[in-house]
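Below is one structure, written out as structure tokens; the observations come after it.
Bear in mind that the values in this text are calculations on the coordinates, not laboratory data. No experiment lies behind these values; they were computed from the predicted model shown. Neighbour counts run over all protein chains shown; Cβ positions are idealised from the backbone, glycine included.
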Amino acid sequence: MIETVTRKRIEILTDVALQKRVTDAIDEAGITGWTIVPVTSGKGRDGPWREERVMGTDKVFVLTIAAEDKAMALAEALAPVLTKYGFILSMWDVAVIRGERF
């Protein structure tokens, strides 16, 4: 039987211009990896939106998986900028194989 361990999956929606700030925070929290996925449109409290390269407001999801202590360190590091820049950070428990990698 394959054994799994519980880790935190973290998704951060941010502007492309701020993605380095997010990935730097991930690295500083001691999390070993991340993935960036482009986002072309969505809908929020203020209604629908689409990427806008001319205005520099196109968005990405930065995804990572980490042990709970590192996930919480990342959340604390990003908390001051979540409201200021309109980031959305979500995290939840996931079962992973090879948990030592996260």
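At each listed q (0.10, 0.14, 0.17, 0.24 Å⁻¹), what is the log10 of I(q)/I(0) that the Debye formula gives for the chain modelled as equal alpha-carbon point scatterers? Result of the Debye calculation: -0.30, -0.56, -0.78, -1.28. Around PHE102, with a cut-off of 9 angstrom between Cβ atoms, what is the net charge of the other residues, counting Lys and Arg +1 and Asp and Glu -1? Summing Lys/Arg as +1 and Asp/Glu as -1 gives +4. Protection proxy ranking of 18-28, 82-92, by the mean of other Cβ atoms within 10 Å over each peptide's residues and highest first, is 18-28, 82-92. For the cross-link pairs LYS20/LYS43; LYS59/LYS84; LYS20/LYS59; LYS43/LYS84, the ones whose C-alpha atoms lie over 22 Å apart are LYS20/LYS43. Per-residue ellipticity at 222 nm computed for the chain from its helices equals -9000 deg cm²/dmol, with DSSP H segments shorter than 4 residues left out and the rest contributing -39,500 (n - 2.57). With only the Cα atoms considered, region 56-102 has a convex hull volume of 92 Å³ per residue.
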